[in-house]
1. Looking at segment 153-195 only, could you name the residues that are within 20 Å of residue 125 (Cβ to Cβ) and either over 16 Å from the mean Cα position of the chain (by Cα) or of a type in the set (S, T, N, Q) (or both)?
2. When residues of segment 28-52 are filtered for being within 12 Å of residue 166 (Cα to Cα) and either free of Cβ contacts under 8 Å to residues at least 40 places away in the same chain or part of a loop (DSSP other than H, G, I, E, B) (or both), how many remain?
3. Of the conditions (1) assigned to a loop (DSSP other than H, G, I, E, B); (2) in contact with a strand residue (DSSP E or B) (Cβ under 9 Å, 6 or more places away or on another chain); (3) in contact (Cβ under 8 Å) with a residue 40 or more places away in the chain; (4) surrounded by 15 or more Cβ atoms within 10 Å (Cβ to Cβ), residue 94 satisfies every one except a single condition; which number is it?
4. Restricting to segment 129-179, what's the tally of residues that are part of a helix (DSSP H, G or I), closer than 14 Å to residue 95 by Cβ and among the aliphatic types (A, V, I, L, M)?
5. Looking only at residues that are of a type in the set (D, E, K, R) and either in contact with a helix residue (DSSP H, G or I) (Cβ under 8 Å, 6 or more places away or on another chain) or free of Cβ contacts under 8 Å to residues at least 12 places away in the same chain (or both) in segment 1-20, which one is farthest from residue 217 (Cα to Cα)?
6. Could you check residue 55 against (1) on the phi < 0 side of the Ramachandran plot; (2) without any contact (Cβ under 8 Å) to a residue 60 or more places away in the chain; (3) not in a helix (DSSP H, G or I) and say which number it fails?
7. When the residues of segment 33-63 are narrowed to those that are farther than 18 Å from residue 174 by Cα and of a type in the set (S, T, N, Q), which ends up surrounded by the most Cβ atoms within 10 Å (Cβ to Cβ)?
Amino acid sequence: MSIFSIKDVHKSFTNGEVEEEILKGVNLSLQRGEVTALIGASGSGKSTLLTIAAGLQPASNGQIIFKNENIAAYNQEQTRKIRAKEFGFVFQSSHLVPFLTIEEQLLLMLDVAETTLNKQEQQQEINKMLKTVDLEHRKHAYPSSLSGGEKQRVAIARAIIHQPKILFADEPTANLDSKRSKEVMELIQELTKTLDITTLVVTHDEEMLAYVDHIIKMKDGIVMGQGV
């Protein structure tokens, strides 16, 4: 079942007096409980497409359909709210707050998402999430004491602690060795299935494609094909 779709999305930038078209009428749809990978050479437009889909920058033209609404037409405050409540984000770097413990990182995300959970329920959710990502023993640790793989597992936990509908991941394994990369992608795959969320991941690493349901190849701002 499609929960999220991109319809005829264009994106242009002005470089001096020259207008450069980065996305040239992209169409795609994402399914619940599935991981979709965006692949392509540098400059193909895949990261630009992900940030537009995630509401981090506007499209020049086109529609982003979520829950039967064109969220590309939302104002700034509407976009902020849907990002906070319905979307989760994992990037190449973990972007953890250096002076917050793992527990505090997750509490902050719940606060940003304007959770309705009481304090006890929040603690229960945090404990459950840390168990899921195998970091219960690091609950009170600070980012500086974590390995690269642990930091990305915290980033994933933070991205989904508020139970978003869509998870966006931009090169989540780029800074990791092959073993840690596989662990992170296995975790993303598992959480996508068990939580019935929808995941869109940008990757250059072909080995990571073993953990996705669909592959969308981009070249020069257009979708070249979608495979399994």
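1. Keep residues of segment 153-195 that are within 20 Å of residue 125 (Cβ to Cβ), which gives 153-167, 187-188, 190-195.
The answer is 163, 192, 194.
2. The initial filter retains those residues of segment 28-52 that are within 12 Å of residue 166 (Cα to Cα), namely 30-36, 50.
The next check asks that each one be either free of Cβ contacts under 8 Å to residues at least 40 places away in the same chain or part of a loop (DSSP other than H, G, I, E, B) (or both); those that pass are 32-34.
Residues in segment 28-52 being within 12 Å of residue 166 (Cα to Cα) and either free of Cβ contacts under 8 Å to residues at least 40 places away in the same chain or part of a loop (DSSP other than H, G, I, E, B) (or both): 3 in total.
3. (2)
4. Residues in segment 129-179 being part of a helix (DSSP H, G or I), closer than 14 Å to residue 95 by Cβ and among the aliphatic types (A, V, I, L, M): 5 in total.
5. Of segment 1-20, the ones of a type in the set (D, E, K, R) are 7-8, 11, 17, 19-20.
Within this subset, residues satisfying the condition of being either in contact with a helix residue (DSSP H, G or I) (Cβ under 8 Å, 6 or more places away or on another chain) or free of Cβ contacts under 8 Å to residues at least 12 places away in the same chain (or both) are 11, 17, 19-20.
Working: 11: 18, 17: 30, 19: 24, 20: 21 Å.
Ranking the qualifying residues of segment 1-20, first place goes to 17.
6. For residue 55, the failing item is (1).
7. 63
Quick grid of which residues meet (1) closer than 20 Å to residue 185 by Cβ; (2) out of contact with any helix residue (DSSP H, G or I) (no Cβ under 9 Å at 6 or more places or on another chain):
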position	(1), (2)
22	no, no
25	no, yes
28	no, no
31	yes, yes
41	no, yes
46	yes, yes
50	yes, yes
54	yes, no
58	no, no
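Since every read-out is calculated from the coordinates, none of them should be taken as a lab result. Bear in mind the structure is a predicted one, so any value in this text is a computation, not a measurement. Every residue, glycine among them, receives a Cβ derived from its backbone with ideal geometry; neighbour counts consider all protein chains shown.
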